[in-house]
1. Does region 18-37 include one or more residues that are within 17 Å of residue 106 (Cα to Cα) and either surrounded by fewer than 12 Cβ atoms within 10 Å (Cβ to Cβ) or under 27 Å from the mean Cα position of the chain (by Cα) (or both)?
2. When both residues are 6+ apart or on different chains and their Cβ atoms are under 7 Å apart, which pairs have a first residue that lies in region 66-90 and is over 18 Å from residue 112 (Cβ atoms), and a second that is assigned to a strand (DSSP E or B)?
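Since every read-out is calculated from the coordinates, none of them should be taken as a lab result. Everything numeric here is computed off the predicted structure, so don't read it as measured data. When we count neighbours, we look across all protein chains shown, and the Cβ atoms used for this are built from the backbone with ideal geometry, even at glycine.
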């Protein structure tokens, strides 16, 4: 029996074509899910960098660490001395700050900034 151009496809051929199409769609969806997860992770990391820069700028500007901690509850801010005193005449000191965002591994940032001290009058 020979096929003529007007004969249609057999049911098996149609089922195989549908199975192949379903496999291609499933593979594409898996790749799309992975891409979305990576995009969300990158957005979180970018947001963490922006927040860390803002916290650092506020510390350098002299804002109180307690106020910054209140504004950024997801961040742990540890403040400590770093080579004190820097300038005995002005009382300026270097301070170390360690910033870490909870739930985001690898987000720890350390910085050293200068805090203004109380100016002491020169003895006569």
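1. no
2. 69/77; 74/101
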